[in-house]
Amino acid sequence: MPMTISAEQQEQMLAAARAAFKNAHAPYSNFKVGATVLTERGTLYQGCNVENASYGLTICAERNAIFAAVAAEGSDMTIKAVAVATANDGPCAPCGACRQVIFEFGPDALILFRGQSGTEQMAITKLLPEGFRL
Ligand code: THU
């Protein structure tokens with residue numbers, strides 16, 4: 001059964017993602033991203049991207065939100081949905097690394113993001129076929 005969430009919850013998640021990008025630290029790319037994770041418990045967690053002068057140390061908004069959820073709920077935290085928003089309101093699908101981290105905690109997760117032709121809702125397994133598992 002594909003994951004579905006109510007229109008009201010979708011709007012709440014996107015609004016929280018838009019609020020989250022305001023705290024982004026993105027002086028190098030000027031690309032501010034916010035993300036919201038909805039867990040099975042029904043709690044929302046926010047994250048923003050945090051860049052570093054040593055560029056490779058940058059962490060994406062999605063992973064920061066997921067790690068906040070793990071820190072709060074523990075290792076059995078399950079992701080129901082993830083929403084992504086950017087300050088420039090342009091396309092931003094989760095990067096490959098974030099897809100793998102989403103899959104770890106939410107193999108049935110639904111991802112809300114802006115694609116090339118507008119808002120998309122896509123299962124993580126469509127964004128990441130054959131995700132890695134030990
Ligand atoms: N970024 C995210 O936070 N999430 C994504 O899904 C894609 C990229 C960040 C990383 C970096 O700070 C900036 O966007 C430009 O790549």
By a straight-distance test (C-alpha under 20 Å), which lysines pair with LYS32 as possible cross-link partners, with residues fewer than eight away in the same chain excluded? LYS22
Mind checking the per residue accessible area of the chain for me, 1.4 Å probe, whole number of Å²? 54 Å²
Residue-wise HN-Hα coupling along the range 115-125, computed from phi with Karplus coefficients 6.51, -1.76, 1.60 (Hz; x: Gly, Pro): x, 5, 10, x, 5, 10, 10, 9, 5, 4, 6
Find which of GLN100, THR78, PHE21 sits farthest along the positive direction of the dipole of the range 7-134, computed with +1 on the beta-carbon of Lys and Arg, -1 on that of Asp and Glu, about the Cα centre. PHE21
Pull up the cross-link candidates among the lysines for LYS126, meaning alpha carbon to alpha carbon under 18 Å and not fewer than 8 places away within one chain. LYS80
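When Lys and Arg each count +1 and Asp and Glu each count -1, what net charge do the other residues less than 14 Å away from CYS98, Cβ to Cβ, add up to?
0
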Need the C-alpha centroid separation for the range 55-134 versus the range 1-50, integer Å. 10 Å
Show the residues, 5+ positions off or on another chain, whose built amide H is closer than 5 Å to the amide H of GLU120. PHE113, ARG114, GLY115
In whole Å, what are the Cα extents of the range 49-95 along the three principal axes, biggest one first? 32, 26, 15
Farthest positive-ward along the range 1-133 dipole, Cα basis, beta-carbon charges - from LEU112, ILE59, LEU38: ILE59
Can you tell me what the convex hull of the Cα atoms of the range 7-127 projects to on average, as an area in nm²? 7.0 nm²
Computed for the chain: size of charge dipole around the Cα centre, +1 on C-beta of each Lys and Arg, -1 on C-beta of each Asp and Glu, debye to nearest 20, value 220 debye
Work through the residues other than PHE67 whose Cβ is under 12 Å from its Cβ and net out their charges, Lys, Arg +1 and Asp, Glu -1. -2
Can you give me the % of accessible surface on the chain that is carbon or sulfur? Probe 1.4 Å, all protein chains present, nothing else counted. 52 percent
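The values are calculated or read from the model by the stated rules, or taken from the named source; none is laboratory data. Predicted model only: the values in this text are computed from it and were never measured. FYI the Cβ positions are ideal-geometry reconstructions off the backbone, even for glycines, and counts take in every protein chain you see. Surface areas here come from the heavy atoms of the whole protein model, side chains and all, with no ligands, DNA or RNA. Shrake-Rupley method; radii C 1.70, N 1.55, O 1.52, S 1.80 Å.
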